[in-house]
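Comments concern the structure below.
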Amino acid sequence: MPTLIPAITNAAGEQLGSRLDLPLEGSPLAYAIFAHCFTCTKNIKAAAHISRSLTRQRIAVLRFDFTGLGESEGDFTETNFTSNVADLQAVASYLALEFEAPRLLIGHSLGGSAVLQAAHLIPSVRAVVTIA
């Protein structure tokens, strides 16, 4: 699956580590955002497997690291649930400006709670998936 490394800035002006997994063939039918669990990163196995499965269905998946984790800038100790939701909004805004607004939010554990909270703040979202 082809991958892009987008430059996404959060509300505090910090770069969020991210990767956009694209379908092998054809243009994406839709875009999704994957939010990882507490202290995890965008590279957890669950995210990779889900992304691979979705790209086979021509759904592009943007995975990112919340502020202060993985490849993202910032201090993790300065973050909270509200800042996680704001990171999701920043990622959605990036997709809307550069590609297409996300229709699907996927979250694992704490990321699941964050996508539930963010869903009503991102008008393009049509479906939300939470895992564990």
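A compact table of results
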{"item": "Rounded to whole Å, sorted largest first: equivalent-ellipsoid semi-axes of the chain, Cα gyration tensor", "result": "21, 15, 14"}
{"item": "Given charges at beta-carbon only (K, R positive; D, E negative), |dipole| of the chain in Debye", "result": "640"}
{"item": "Helical contribution to [θ] at 222 nm, DSSP H n ≥ 4, -39,500 (n - 2.57), averaged over the chain, rounded to 500", "result": "-9500 deg cm²/dmol"}
{"item": "The chain, accessible surface, carbon-and-sulfur percent (1.4 angstrom probe)", "result": "54"}
{"item": "Sites matching chymotrypsin sites (Phe, Trp or Tyr not before Pro) across the range 1-110 that sit in DSSP coil, with at most 14 neighbouring C-beta atoms within 10 Å", "result": "F38"}
{"item": "Nearest-0.05 FRET efficiency for Q117 and T77, computed from C-beta distance (R0 22 Å)", "result": "0.55"}
{"item": "Alpha-carbon centroids, the range 54-79 and the range 82-115: separation in whole Å", "result": "9"}
{"item": "Between 0 and 90°, nearest 10: helix 81-98 axis offset from the chain longest Cα axis", "result": "40"}
{"item": "Probe 1.4 Å, protein heavy atoms only - accessible area per residue of the chain in square angstrom", "result": "48"}
{"item": "Local electrostatic count, C37, Cβ distance below 13 Å [Lys/Arg +1, Asp/Glu -1]", "result": "+2"}
{"item": "Accessible surface, 1.4 Å probe, highest first, among residues I131, I33", "result": "I131, I33"}
{"item": "In the range 1-61, the trypsin sites (Lys or Arg not before Pro) that fall in loop regions by DSSP, at most 16 other Cβ within 10 Å", "result": "R58"}
{"item": "Neighbourhood charge, 12 Å Cβ-Cβ cut-off, centred on R58 and excluding it, Lys, Arg +1 and Asp, Glu -1", "result": "-1"}
{"item": "Label-point separation in nm, A96 to I5, each point 7 Å along Cα→Cβ", "result": "2.8"}
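The values are calculated or read from the model by the stated rules, or taken from the named source; none is laboratory data. Being a predicted model, the structure only gives us computed values, none of them experimental. Please note: Cβ atoms are built from the backbone with ideal geometry, for glycine as well, and neighbour counts cover all protein chains shown. Calculation scope for accessible area: heavy atoms of the full protein, side chains included, ligands and nucleic acids excluded. Shrake-Rupley method; radii C 1.70, N 1.55, O 1.52, S 1.80 Å.
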